[in-house]
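Working notes, structure below.
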Amino acid sequence: MNVMAAQRWNFWGGIITALTLVWAILWAFPLYWGVISSLKPDDEVVRPYIELWPETPTLENYIDALTTTQIGAWYVNSVAVAVGVTVITIFISMLCGYAISQLRFPGRIALWWLILASFMVPISALIINHFVLVANLGLINSWAGIMLPQLIHPVIIIVYKQFFDQVPKDFREAAVMDNASEFGILFKIYMPMNWGVTTALSIVCFIWTWNAFLWPFLSVTRTEIMTITVGITQVNDAFGVYYARQLSAAVLAGLPVALAYLFFQRRVTEAITLSAGIKG
Amino acid sequence: MLRNSRTERLVALVLVAPFMAIYLLAFVYPTVQMFRISFTDAPLIGAGRWVGLDNYLRLDNDPMFRRAVWNTAYFVLMTVVPGTLIALLIALGVSRLKGRFQAIVLALFFLPYILPVSVVYLIWDWTLNFQFGIAMHALDWLGIPRVPVFKSRLWFLPAVAGVTIWWTAGFSILLFLAGLRSIPAEIYEAAALDNSTRWTTFRRITWPLLWPITSLVLTIQLILQLKIFDQVYLFSIGGRPNDNMVLVYYVFQKAFQQNQGGRAAAVAVTLFVLVVVVSVLQFQLLRFAERRRR
């Protein structure tokens, strides 16, 4: 490479990097603006000019949001539902993925195609019949009712199956020689191997469930059973034009998933690239 | 290897059973029911009379259904390709950065994707607030008259599309980054030695090698955006939802607000078939495009 080309390369490279930075800051700015506004007292938040930092930062809005709405209960509901869905989904998907990958049984191929195909089906088209089902089971306004239609994530089975496919056959053969049972092989040999995948998938499954809106919104009519994602849309009524209080409720709802992402950044990105079926 | 096929089948059955039970209950059964009640005049809950294709034939003369179809198509048009291009541009920029710095910048772009839709709604409702929103201050500053975006018929869907691109781009950016990382550095070194320009390098190397990811992102986006509901519903609060009608919203309105289960199911089936047909078509189309490139 000649010197001229190298210089031209670096000059444009620098411009692109600078543009990316500016863009990133603008991109995240609404988030910053929301958080900052939630820390402003009522009179400051509606000032007709831009104030990038609160003059008198206050937690008043948060205290108000926590005491005048049922955010506490919504948190409990969200945690219960998200943990429940994650544990059940991960467990049944791992068993199913293992069976499809390692065992030979009639209907195996058909089951695999069924799982691949259900990836395409729009769950939101099923809301009417989910509602009828959950209502008939008497589960409207209950955690179990919010959880039931969310337990199906074919993509998690797909990731597990692909993971188990890649484990060398020697492990299995050696265990079979030792007369280990199928369950022994799965729980003592294969499970400890897939902790990484399991953690990654659990985090994204937790985030998906925490963020779910349409179904939790439909299956719950009583305020105290709402998940926080649905609940905070109700604070509009409670708070009217008190924007800062609405925003503090939004921050409280987004915080757990934002923190989960920041702590497990690598796991989350790994799980998402895995779940889209590519190895990064 | 010797296999005891009877125990193996039995074990497989035990392992597959929990998933199958839930799958049949919460997926297969509701799907079958959806098709069945779409041929009846059932209310949301309860039995109805068999009416044959009546629900479907009525859709043909239903202006609200037409509006829902057009709005959904318009929304897909404004989000899928532009969103994919924006994500690609961002991924190209982020991929140049190194180490911790890259992680921070990626986090700035990715964070919106992690947030629940109602948080996204509250933040943008505030940012674009007609009286106090910071975006309106920016418009004043540029000398452009203020627009109440979510109350305006003209701006509602484009604005929601913009918010949606902002919200969902993180996912596509990650996929593009994974794709860019899997392109071997030697190829770029060879291109640099040949004095090829940045544009040529992109056009001849990066773009073709990234095509499988691009088609994946397009497919995922298309399926996702056809099902648009949450944002449209939330931003319509206090506005005019009928102007912004989209397909899932129409299913929701018919079933849950007008108690017409059968009519709603017919719309749901239409959406269902539309998503399956479009994704199969797109899959074939993209595979064809990929083959032609070779």
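The values are calculated or read from the model by the stated rules, or taken from the named source; none is laboratory data. What you are looking at is a predicted structure, and each value in this text was computed from that prediction instead of being measured. Positions of Cβ are backbone-derived with ideal geometry, glycine not excepted, and every protein chain shown enters the neighbour counts. SASA here: full protein model, heavy atoms, side chains in, ligands and nucleic acids out. Shrake-Rupley method; radii C 1.70, N 1.55, O 1.52, S 1.80 Å.
Among the residues of this structure, A:I90 does not count as one that is part of a helix (DSSP H, G or I) and surrounded by fewer than 18 Cβ atoms within 10 Å (Cβ to Cβ). Restricting the range B:110-141 to residues that are assigned to a helix (DSSP H, G or I) and out of contact with any helix residue (DSSP H, G or I) (no Cβ under 8 Å at 6 or more places or on another chain), the residue that is farthest from the other protein chains (Cβ to nearest Cβ) is B:L139. Please tell me if B:P30 is farther than 20 Å from A:S124 by Cβ, modelled with pLDDT of 90 or more and of a type outside the set (D, E, K, R). Criteria not met by B:P30. Can you tell me which residue in the range A:160-172 is farthest from A:L218 (Cα to Cα), limited to those that are among the charged types (D, E, K, R) and surrounded by fewer than 12 Cβ atoms within 10 Å (Cβ to Cβ)? The residue in question is A:D170.
Just wondering, is there one or more residues in the range B:92-109 that are within 8 Å of chain A (Cβ to nearest Cβ), surrounded by fewer than 22 Cβ atoms within 10 Å (Cβ to Cβ), farther than 30 Å from A:T17 by Cβ and modelled with pLDDT under 95? The answer is no; no qualifying residue exists. None of B:V119, B:V76 is free of Cβ contacts under 8 Å to residues at least 40 places away in the same chain, open to solvent by less than 50 Å² (accessible area, probe 1.4 Å) and β-branched (V, I, T) except B:V119. Scanning the range A:27-57 for residues that are facing chain B (nearest Cβ under 7 Å), touching a residue at least 60 places away in the same chain (Cβ under 8 Å) and in a loop (DSSP other than H, G, I, E, B) returns a single hit, A:V46.
Given the condition at the interface with chain A (Cβ under 7 Å from one of its Cβ atoms) and hydroxyl-bearing (S, T, Y), answer yes or no: does some residue in the range B:31-52 qualify? Yes: the range B:31-52 contains one or more residues that are at the interface with chain A (Cβ under 7 Å from one of its Cβ atoms) and hydroxyl-bearing (S, T, Y).
One line per residue, one yes/no per condition, for (1) open to solvent by less than 50 Å² (accessible area, probe 1.4 Å); (2) part of a helix (DSSP H, G or I):
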residue	(1), (2)
A:P106	no, no
A:L116	no, yes
A:A125	yes, yes
A:I158	yes, yes
A:N179	no, no
A:G184	yes, yes
A:M191	yes, yes
A:S202	yes, yes
A:C205	yes, yes
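Counting the residues of the range A:26-56 that are surrounded by fewer than 16 Cβ atoms within 10 Å (Cβ to Cβ), within 31 Å of the chain's Cα centre (by Cα) and more than 15 Å from B:L128 (Cα to Cα) gives 2.
Considering (1) within 19 Å of A:I203 (Cα to Cα); (2) facing another protein chain (nearest Cβ under 7 Å); (3) touching a Leu at 6+ places or on another chain (Cβ under 7 Å); (4) not hydroxyl-bearing (S, T, Y), the lone condition that A:I156 does not fulfil carries the number (2).
Conditions tested, residue by residue: (1) out of contact with any Ser or Thr (no Cβ under 8 Å at 6 or more places or on another chain); (2) closer than 30 Å to B:Y250 by Cβ; (3) touching a residue at least 24 places away in the same chain (Cβ under 8 Å).
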position: A:P106; (1), (2), (3): yes, no, no
position: A:W113; (1), (2), (3): yes, no, no
position: A:G145; (1), (2), (3): no, yes, yes
position: A:L151; (1), (2), (3): no, yes, yes
position: A:D165; (1), (2), (3): no, no, yes
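If you check B:Y250 against the conditions, is it hydroxyl-bearing (S, T, Y) and open to solvent by 10 Å² or more (accessible area, probe 1.4 Å)?
Here the answer is no, as B:Y250 does not meet what is asked.
Which residues, taken from the range B:26-59, are in a helix (DSSP H, G or I) and within 26 Å of the chain's Cα centre (by Cα)? Within the range B:26-59, B:A26, B:F27, B:V28, B:Y29, B:P30, B:T31, B:V32, B:Q33, B:M34, B:F35, B:Y56, B:L59 qualify. Checking the stated criteria, A:Y75 turns out to be surrounded by fewer than 20 Cβ atoms within 10 Å (Cβ to Cβ) and either at pLDDT 90 or above or within 13 Å of chain B (Cβ to nearest Cβ) (or both).
Of B:I183, B:I205, B:I144, all but one fail to be over 24 Å from the mean Cα position of the chain (by Cα), assigned to a helix (DSSP H, G or I), surrounded by fewer than 22 Cβ atoms within 10 Å (Cβ to Cβ) and β-branched (V, I, T); the exception is B:I205. Regarding B:T206, is this residue within 20 Å of B:V275 (Cβ to Cβ) and not acidic (D, E)? The answer is no for B:T206.
Scanning the range A:238-255 for residues that are surrounded by fewer than 19 Cβ atoms within 10 Å (Cβ to Cβ) and either among the polar types (S, T, N, Q) or at the interface with another protein chain (Cβ under 10 Å from one of its Cβ atoms) (or both), we see that the one that is nearest to A:S78 (Cα to Cα) is A:L255.
Which one is nearest to A:R222 (Cα to Cα), of the residues in the range A:58-72 that are part of a helix (DSSP H, G or I) and open to solvent by 20 Å² or more (accessible area, probe 1.4 Å)?
Ranking the candidates gives A:G72 first.
Return a yes/no flag: does the range A:217-240 have any residue that is at pLDDT 85 or above, within 29 Å of A:L103 (Cβ to Cβ) and not in a loop (DSSP other than H, G, I, E, B). Walk me through it before giving the result.
Let us first name the residues in the range A:217-240 that are at pLDDT 85 or above, namely A:217-233.
Narrowing further to those that are within 29 Å of A:L103 (Cβ to Cβ): none.
No, because not a single residue in the range A:217-240 is at pLDDT 85 or above, within 29 Å of A:L103 (Cβ to Cβ) and not in a loop (DSSP other than H, G, I, E, B).
Taking the condition of being open to solvent by 20 Å² or more (accessible area, probe 1.4 Å), in contact (Cβ under 8 Å) with a residue 60 or more places away in the chain and over 19 Å from the mean Cα position of the chain (by Cα), how many residues in the range B:151-180 meet it? Residues in the range B:151-180 being open to solvent by 20 Å² or more (accessible area, probe 1.4 Å), in contact (Cβ under 8 Å) with a residue 60 or more places away in the chain and over 19 Å from the mean Cα position of the chain (by Cα): 3 in total.
Looking at this structure, is B:N259 outside any helix (DSSP H, G or I) and open to solvent by 20 Å² or more (accessible area, probe 1.4 Å)? For B:N259, the condition - outside any helix (DSSP H, G or I) and open to solvent by 20 Å² or more (accessible area, probe 1.4 Å) - is met.
Selection within the range A:256-270: residues that are more than 9 Å from every other protein chain (Cβ to nearest Cβ) and open to solvent by 40 Å² or more (accessible area, probe 1.4 Å). The member of this set that is farthest from A:Y75 (Cα to Cα) is A:E270.
Do we find that A:I140 is part of a loop (DSSP other than H, G, I, E, B), within 24 Å of B:V28 (Cβ to Cβ) and modelled with pLDDT of 90 or more in this structure?
yes
Criterion first (more than 9 Å from every other protein chain (Cβ to nearest Cβ), outside any loop (DSSP other than H, G, I, E, B) and surrounded by fewer than 20 Cβ atoms within 10 Å (Cβ to Cβ)) does B:W211 satisfy it? Yes.
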